[in-house]
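Here's the structure we're looking at; comments come further down.
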Amino acid sequence: MKTKESARERLLAAASELFYAEGVQTVGIDRVIEHAGVAKASLYNTFGSKENLVQAYLEGRHQSTLDRLQNSVERHSDPKRRLLAVFDAQAEMFAEPGFHGCAFITASAEAPDGGLIQHAADDYRVEIRGLLTGLAREAGASDPAALGRQLQLLYDGGGLAAQMDRDPGVGAAARAAAEALLDAATR
(Lines give C-alpha, C1' and ligand atoms only; values in the text may rest on other atoms or scores of the structure.)
Protein backbone atom coordinates (compact mmCIF):
# COMPACT_ATOMS: atom_id res chain seq x y z
CA MET A 1 0.00 0.00 0.00
CA LYS A 2 1.39 3.39 -1.02
CA THR A 3 1.56 6.00 1.70
CA LYS A 4 0.42 9.50 0.92
CA GLU A 5 3.22 11.99 0.36
CA SER A 6 3.62 14.69 2.97
CA ALA A 7 2.91 18.32 2.14
CA ARG A 8 6.68 18.91 2.20
CA GLU A 9 7.29 16.14 -0.35
CA ARG A 10 4.48 17.38 -2.61
CA LEU A 11 5.73 20.97 -2.42
CA LEU A 12 9.28 19.90 -3.26
CA ALA A 13 8.10 17.72 -6.15
CA ALA A 14 5.99 20.55 -7.55
CA ALA A 15 8.76 23.10 -7.06
CA SER A 16 11.30 20.82 -8.70
CA GLU A 17 9.12 20.23 -11.73
CA LEU A 18 8.04 23.84 -12.20
CA PHE A 19 11.23 25.64 -11.22
CA TYR A 20 13.39 23.43 -13.42
CA ALA A 21 11.12 23.62 -16.46
CA GLU A 22 10.19 27.31 -16.23
CA GLY A 23 12.61 29.06 -13.88
CA VAL A 24 12.59 30.10 -10.26
CA GLN A 25 11.71 33.74 -10.92
CA THR A 26 9.00 32.93 -13.47
CA VAL A 27 7.03 30.52 -11.29
CA GLY A 28 5.00 32.16 -8.58
CA ILE A 29 4.41 30.56 -5.22
CA ASP A 30 0.68 30.21 -5.94
CA ARG A 31 1.42 27.94 -8.92
CA VAL A 32 3.64 25.74 -6.77
CA ILE A 33 0.94 25.50 -4.10
CA GLU A 34 -1.74 24.69 -6.68
CA HIS A 35 0.45 22.11 -8.42
CA ALA A 36 1.29 20.47 -5.08
CA GLY A 37 -2.36 20.45 -4.01
CA VAL A 38 -1.65 21.92 -0.57
CA ALA A 39 -2.87 24.92 1.37
CA LYS A 40 -0.83 28.12 1.30
CA ALA A 41 -0.28 27.73 5.05
CA SER A 42 1.48 24.40 4.37
CA LEU A 43 4.13 26.15 2.32
CA TYR A 44 4.80 28.83 4.91
CA ASN A 45 4.64 26.41 7.84
CA THR A 46 7.05 24.04 6.11
CA PHE A 47 9.47 26.40 4.36
CA GLY A 48 8.72 29.89 5.66
CA SER A 49 9.35 31.60 2.31
CA LYS A 50 9.81 31.04 -1.40
CA GLU A 51 13.56 31.52 -1.00
CA ASN A 52 13.69 28.66 1.51
CA LEU A 53 11.66 26.48 -0.88
CA VAL A 54 14.07 27.33 -3.71
CA GLN A 55 17.01 26.46 -1.45
CA ALA A 56 15.44 23.07 -0.62
CA TYR A 57 14.76 22.46 -4.33
CA LEU A 58 18.39 23.25 -5.18
CA GLU A 59 19.67 21.03 -2.36
CA GLY A 60 17.62 18.18 -3.84
CA ARG A 61 19.04 18.82 -7.33
CA HIS A 62 22.53 19.04 -5.81
CA GLN A 63 22.22 15.66 -4.15
CA SER A 64 20.58 13.90 -7.09
CA THR A 65 23.15 15.24 -9.56
CA LEU A 66 26.07 14.29 -7.31
CA ASP A 67 24.60 10.83 -6.74
CA ARG A 68 24.26 10.36 -10.49
CA LEU A 69 27.84 11.46 -11.13
CA GLN A 70 29.19 9.30 -8.30
CA ASN A 71 27.27 6.25 -9.54
CA SER A 72 28.81 6.73 -12.97
CA VAL A 73 32.30 7.12 -11.48
CA GLU A 74 31.92 4.04 -9.26
CA ARG A 75 31.29 1.78 -12.28
CA HIS A 76 34.98 2.09 -13.18
CA SER A 77 38.25 1.17 -11.53
CA ASP A 78 40.66 2.85 -13.95
CA PRO A 79 41.37 6.38 -12.61
CA LYS A 80 41.15 8.05 -16.01
CA ARG A 81 37.88 6.28 -16.86
CA ARG A 82 36.52 7.32 -13.46
CA LEU A 83 37.17 10.98 -14.22
CA LEU A 84 35.75 10.77 -17.75
CA ALA A 85 32.66 9.03 -16.35
CA VAL A 86 31.58 12.42 -14.96
CA PHE A 87 31.32 13.69 -18.54
CA ASP A 88 29.60 10.49 -19.66
CA ALA A 89 26.94 11.00 -16.98
CA GLN A 90 26.59 14.65 -17.96
CA ALA A 91 26.10 13.67 -21.62
CA GLU A 92 23.31 11.30 -20.54
CA MET A 93 21.60 14.21 -18.76
CA PHE A 94 21.85 16.36 -21.89
CA ALA A 95 20.00 13.67 -23.87
CA GLU A 96 17.04 13.47 -21.49
CA PRO A 97 13.80 14.91 -22.92
CA GLY A 98 13.27 17.26 -19.96
CA PHE A 99 16.79 18.73 -19.98
CA HIS A 100 16.63 22.49 -19.36
CA GLY A 101 20.23 23.25 -18.45
CA CYS A 102 21.83 23.79 -15.08
CA ALA A 103 19.29 24.50 -12.34
CA PHE A 104 21.92 26.40 -10.37
CA ILE A 105 22.80 28.79 -13.18
CA THR A 106 19.14 29.46 -13.86
CA ALA A 107 18.21 29.96 -10.21
CA SER A 108 21.18 32.14 -9.33
CA ALA A 109 21.00 34.35 -12.43
CA GLU A 110 18.52 36.73 -10.82
CA ALA A 111 19.03 35.87 -7.16
CA PRO A 112 20.31 38.52 -4.77
CA ASP A 113 23.97 38.38 -3.81
CA GLY A 114 24.63 36.61 -0.54
CA GLY A 115 21.21 34.98 -0.31
CA LEU A 116 20.26 31.34 0.22
CA ILE A 117 20.05 30.68 -3.52
CA GLN A 118 23.55 31.97 -4.14
CA HIS A 119 24.86 29.90 -1.24
CA ALA A 120 23.16 26.76 -2.58
CA ALA A 121 24.72 27.37 -6.02
CA ASP A 122 28.13 28.06 -4.47
CA ASP A 123 27.97 24.85 -2.41
CA TYR A 124 27.12 22.84 -5.52
CA ARG A 125 29.98 24.35 -7.52
CA VAL A 126 32.47 23.72 -4.73
CA GLU A 127 31.40 20.09 -4.56
CA ILE A 128 31.59 19.58 -8.34
CA ARG A 129 35.07 21.13 -8.38
CA GLY A 130 36.07 18.95 -5.44
CA LEU A 131 34.87 15.83 -7.21
CA LEU A 132 36.76 16.72 -10.39
CA THR A 133 39.91 17.70 -8.48
CA GLY A 134 39.86 14.49 -6.44
CA LEU A 135 39.45 12.40 -9.59
CA ALA A 136 42.26 14.38 -11.27
CA ARG A 137 44.48 13.57 -8.28
CA GLU A 138 43.58 9.85 -8.51
CA ALA A 139 44.39 9.93 -12.23
CA GLY A 140 47.88 11.29 -11.52
CA ALA A 141 47.52 14.87 -12.74
CA SER A 142 50.61 16.95 -12.06
CA ASP A 143 48.42 19.83 -10.77
CA PRO A 144 45.05 18.35 -9.75
CA ALA A 145 43.62 21.69 -8.58
CA ALA A 146 44.34 23.38 -11.92
CA LEU A 147 42.97 20.42 -13.87
CA GLY A 148 39.88 20.30 -11.63
CA ARG A 149 39.24 23.96 -12.37
CA GLN A 150 39.70 23.45 -16.12
CA LEU A 151 37.41 20.44 -16.08
CA GLN A 152 34.78 22.42 -14.20
CA LEU A 153 34.88 25.03 -16.95
CA LEU A 154 34.20 22.26 -19.47
CA TYR A 155 31.45 20.82 -17.28
CA ASP A 156 29.75 24.21 -16.92
CA GLY A 157 30.28 25.16 -20.56
CA GLY A 158 28.97 21.83 -21.76
CA GLY A 159 25.78 22.29 -19.80
CA LEU A 160 25.28 25.80 -21.08
CA ALA A 161 25.97 24.81 -24.70
CA ALA A 162 23.65 21.79 -24.50
CA GLN A 163 20.88 24.05 -23.21
CA MET A 164 21.37 27.05 -25.46
CA ASP A 165 22.14 25.11 -28.65
CA ARG A 166 19.55 22.45 -27.79
CA ASP A 167 22.20 19.95 -28.80
CA PRO A 168 22.72 16.94 -26.55
CA GLY A 169 25.65 15.94 -28.76
CA VAL A 170 27.77 18.61 -27.10
CA GLY A 171 28.38 16.06 -24.32
CA ALA A 172 30.69 14.10 -26.61
CA ALA A 173 32.68 17.25 -27.39
CA ALA A 174 33.00 18.11 -23.70
CA ARG A 175 34.16 14.58 -22.93
CA ALA A 176 36.75 14.67 -25.75
CA ALA A 177 38.08 17.99 -24.46
CA ALA A 178 38.22 16.59 -20.91
CA GLU A 179 40.16 13.58 -22.17
CA ALA A 180 42.66 15.83 -24.00
CA LEU A 181 43.19 17.94 -20.86
CA LEU A 182 43.54 14.81 -18.75
CA ASP A 183 46.08 13.29 -21.12
CA ALA A 184 48.11 16.52 -21.15
CA ALA A 185 48.01 16.76 -17.34
CA THR A 186 49.13 13.16 -16.78
CA ARG A 187 52.03 12.94 -19.23
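The values are calculated or read from the model by the stated rules, or taken from the named source; none is laboratory data. Given the structure is predicted, the values throughout are model-derived calculations rather than measurements. Methodologically, a virtual Cβ is constructed for each residue, glycine included, from the backbone with ideal geometry; neighbour enumeration extends over all protein chains shown.
Observations, loosely collected:
- Residues that are within 23 Å of Gly130 (Cβ to Cβ), of a type outside the set (A, V, I, L, M) and within 14 Å of the chain's Cα centre (by Cα), drawn from region 150-187: Gln152, Tyr155, Asp156, Gly157, Gly158, Gly159
- Residue within region 104-119 that is modelled with pLDDT of 95 or more and more than 20 Å from Phe19 (Cα to Cα) present: no
- Residues of region 21-33 satisfying the condition of being assigned to a helix (DSSP H, G or I) and surrounded by 13 or more Cβ atoms within 10 Å (Cβ to Cβ): Glu22, Ile29, Arg31, Val32, Ile33
- Each residue in region 123-144 was checked for being under 18 Å from the mean Cα position of the chain (by Cα) and among the polar types (S, T, N, Q), and 1 pass.
- Output for region 76-91, where each listed residue is of a type in the set (D, E, K, R) and either over 21 Å from Pro168 (Cβ atoms) or within 13 Å of the chain's Cα centre (by Cα) (or both): Asp78, Lys80, Arg81, Arg82
- Condition check for Ala141: of a type in the set (Gly, Ala, Ser), out of contact with any Cys (no Cβ under 6 Å at 6 or more places or on another chain), within 20 Å of Tyr57 (Cα to Cα) and buried (at least 21 other Cβ atoms within 10 Å of the Cβ): no
- Residues in region 32-76 that are more than 20 Å from Lys4 (Cβ to Cβ) and charged (D, E, K, R): Lys50, Glu51, Glu59, Arg61, Asp67, Arg68, Glu74, Arg75.
- Residue pairs meeting the criteria (Cβ under 8 Å; at least 6 apart or on separate chains; first on the phi < 0 side of the Ramachandran plot and in contact (Cβ under 8 Å) with a residue 12 or more places away in the chain, in region 153-173; second among the aliphatic types (A, V, I, L, M) and not in a helix (DSSP H, G or I)): Pro168/Ala95; Gly171/Ala95
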